Amino acid sequence: MMVEKGYEEDLRTSYFQLDGKGRMSPAALLSALQEAAISHSDRLGYTPAYMMEQNRGWAVLNWHIRIHRMPVHPETYHLETWSCRCRKMQAERGFFLYDSRGERLMEVMSRWVYMDIEKRKPANVPEEMIEAYGDKQMPAMENEKFLMPKAPEEGEPIRSHVRVTRRDTDTNGHANNVKYLEWAMDDVPDEIYDAMEAKDIRIVYRKECRRGDVVELRTYVLEHPEGKETRTFLLDTEGKTIAEAAVLWS
């Protein structure tokens, strides 16, 4: 059921959003979720142009996506999103996706920080914005803590490097959050990505990276009671963590 101060729309999968098995790719899913969050803000009057005039913006800190089934092509699905909680410098946003029969496809929780773009520091969310988005609304997942698993103490990771290019950056000048997941998915072994389904995706963003930066990826593959788990750690040239992604495959 849609909450009072939310946003909903019917969407249709596009061919360019698909992976090799004809289902929506995780990165395309993240793009659709991000776009819905922007559309919700647009409807409330907080458009990207308005936010840039105010030198303010939202930066995502965490994603937790629990997947029952990915949309396929061609398929129309229903997306709902709303602000679960909005206070001080942070907000939490929930999402539900449904198929045409009303069956739940996934639940998503995300956490965002309100930023002073010029100072590159968190800022207080205005009271009128909190009122517009709504506060203390139902979460998409109960008791979400956005916890991430630690790097394994044993085992050699899969290592790779990427250089941030112009096409990776967004209006804030740093790599768009979707790119981190794309990079992480590229290092998942074929025998996992091709033969298994992503059922749970967790991401945390700890540090931004910009055009020209070199990012090192270290991906660990672990056994899990439900299948396999991949844990990817993205590091800068000083070895500091930029982001982490953990994906459960079954």
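Per the helix-only calculation at 222 nm, which mean residue ellipticity applies to the chain, given -39500 (n - 2.57) for every DSSP H run of n ≥ 4 and division by its residues, nearest 500 deg cm²/dmol?
After summing the helix terms and dividing by residue count, I get -5000 deg cm²/dmol.
Translational D (Stokes-Einstein, µm²/s) of the chain at 20 °C and 1.002 mPa s when Rh comes from the Kirkwood sum over C-alpha pairs?
Rounded, D is 114 µm²/s.
What's the local net charge at residue 85, with K and R +1, D and E -1, over the other residues with C-beta under 11 Å away?
Summing Lys and Arg as +1 and Asp and Glu as -1 gives +2.
Report relative contact order for the chain in percent, whole number only (criteria: Cα-Cα under 8 Å, sequence separation at least 6).
This gives 18 percent for the chain.
Need the list of aspartates and glutamates near residue 21 for cross-linking: C-alpha distance under 16 angstrom, and skip anything on the same chain fewer than eight residues off.
By straight Cα distance, residue 21 reaches 75, 186, 190, 191, 194, 197.
With N residues in segment 61-123, what two-decimal value do you get for its Cα radius of gyration over 2.2 N^0.38 Å?
After normalising by residue count via 2.2 N^0.38 Å, the value is 1.42.
Going Cα to Cα from residue 179, which lysines come in below 19 Å? Please leave out same-chain ones fewer than 8 positions away.
207, 240
Using Cα-Cα distances under 8 Å and only pairs 6 or more residues apart, what relative contact order does segment 6-133 have, in percent?
28 percent
Using all alpha carbons of segment 6-133, what is the percent of pairwise distances in each 5 Å bin, ordered from the shortest bin to the longest?
2, 10, 20, 22, 17, 12, 9, 6, 2, 0
Using 0.36 nm times the number of residues separating residue 54 and residue 88, minus their current alpha carbon distance, what extension gain do you get?
10.5 nm
All of the numbers you see were taken from the coordinates with simple rules; none came from a lab. As the structure is a computational prediction, the values presented were derived from the model and not from experiment. All Cβ positions, even for glycine, are placed from backbone atoms using ideal geometry, and neighbour counts span all protein chains on display.
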